[in-house]
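This report refers to the structure that appears directly beneath it.
The values are calculated or read from the model by the stated rules, or taken from the named source; none is laboratory data. Everything numeric here is computed off the predicted structure, so don't read it as measured data. When we count neighbours, we look across all protein chains shown, and the Cβ atoms used for this are built from the backbone with ideal geometry, even at glycine. What goes into the accessible areas is simple: the full protein's heavy atoms, side chains included, and nothing from ligands, DNA or RNA. Shrake-Rupley method; radii C 1.70, N 1.55, O 1.52, S 1.80 Å.
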Amino acid sequence: MAAMTDIRNIVVLTGAGVSAESGIDTFRDAGGLWEQHRVEDVATPEAFERDPELVLRFYDMRREAIQQKHPNAAHEALARLDREWEGGLMIVTQNVDDLHERAGARRVVHMHGTHLNAWCTACDVRSPWTGTLIERPACPDCGERSLRPDVVWFGEMPYRMDEIFAALREADLFVSIGTSGAVYPAAGFVRNANDLGVRTLELNLEPSQGSAWFDESRHGPATQVVPPWVDEILAA
Ligand code: BV8
């Protein structure tokens, strides 16, 4: 296992917990999104088939809400790491918000999609989108009224998995921030990292479902545990 000093390539996985202190609901915490809506009613292709209005209203509500929120100290610290880290870095986020990028991070991969795109299922083009979809607007590219949120629903293949696994194979350190370890394949990355002999660190408010798989866990709010870790790794 690499000592802190000989860490060159880092993969960071983030989840809803990194955006919680920006006022964006998490999924499983008390009052989280999944308490208000059944996953199978709003985040599956079958749900969209069955009741597109319910699904589009759910994502219009979240797309609107996210644009009122701002990056927090954890997003800013990871953006600083991105600016100053000379080695390899991939920030893999399960979040569909753009707070990593608004904080200035660039080496970000949205494995579950992004709120700020609409995806046309007629011509397969993804267009930047900040408005609503409930009124079934025309695709800016082909004019068809076949736009859906550009997010990965349950049962759908996450985005850019080959790049993510390639980065895990090159990594010296895997850091998981603000995720419960409940959703796969993201929840399996720590075990992939273990199998590859990669050092693993968890930064989370509380122990997650995968805590046992990490070499080290530090618990606390992201805005309090992420900045000191970034200072440490940049100083190493
Ligand atoms: C797939 C986009 C085929 C939409 C999302 C293996 C075993 C069992 C099941 C499966 C399996 N493989 C696949 C499955 C099925 C399924 C799955 O995992 N089901 C679960 C529920 C059992 N997975 C899939 O369907 C995936 N697709 O498998 O395709 C495939 C794949 C690969 C290779 C071949 C084939 C697709 C899953 C993606 C679904 N889309 N999001 C949208 O956002 O609406 S998932 C969504 O929920 C998020 O993106 C995220 O992934 C997940 C929520 O988890 P977290 O982000 O961790 O949030 P959560 O609220 O749970 O936890 C917050 C954490 O933060 C907590 O630990 C808390 O303590 C902490 N916290 C809170 N506040 C703070 C904090 N930490 C720090 N600071 C704070 N302030």
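Annotations
- Of the helices (runs of 4 or more DSSP H) contained entirely in segment 1-89, those carrying at least 3 residues that are open to solvent by 50 Å² or more (accessible area, probe 1.4 Å), within 15 Å of the ligand (Cβ to nearest atom) and not aromatic (Phe, Trp, Tyr) fall at 52-66.
- With respect to the conditions (1) touching a Lys or Arg at 6+ places or on another chain (Cβ under 9 Å); (2) without any contact (Cβ under 8 Å) to a residue 60 or more places away in the chain, residue 87 lacks only one, and its number is (2).
- Test: residue in segment 65-73 that is basic (Lys, Arg), more than 30 Å from residue 195 (Cα to Cα) and in contact with a helix residue (DSSP H, G or I) (Cβ under 9 Å, 6 or more places away or on another chain): yes
Here's the yes/no breakdown for (1) farther than 22 Å from residue 24 by Cα; (2) within 8 Å of the ligand (Cβ to nearest atom); (3) part of a loop (DSSP other than H, G, I, E, B); (4) open to solvent by less than 10 Å² (accessible area, probe 1.4 Å):
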| site | (1), (2), (3), (4) |
| --- | --- |
| 176 | no, no, no, yes |
| 183 | no, yes, yes, no |
| 202 | no, no, no, yes |
| 229 | yes, no, no, yes |
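- For residue 159: the one exception among (1) part of a loop (DSSP other than H, G, I, E, B); (2) in contact with an Asp or Glu (Cβ under 7 Å, 6 or more places away or on another chain): (2)
- Per-region count, segment 132-155, residues closer than 16 Å to residue 55 by Cβ and open to solvent by less than 50 Å² (accessible area, probe 1.4 Å): 10
- Matching residues in segment 97-121 - criterion: being open to solvent by 20 Å² or more (accessible area, probe 1.4 Å), part of a loop (DSSP other than H, G, I, E, B) and touching a strand residue (DSSP E or B) at 6+ places or on another chain (Cβ under 7 Å): 98, 107, 112, 121
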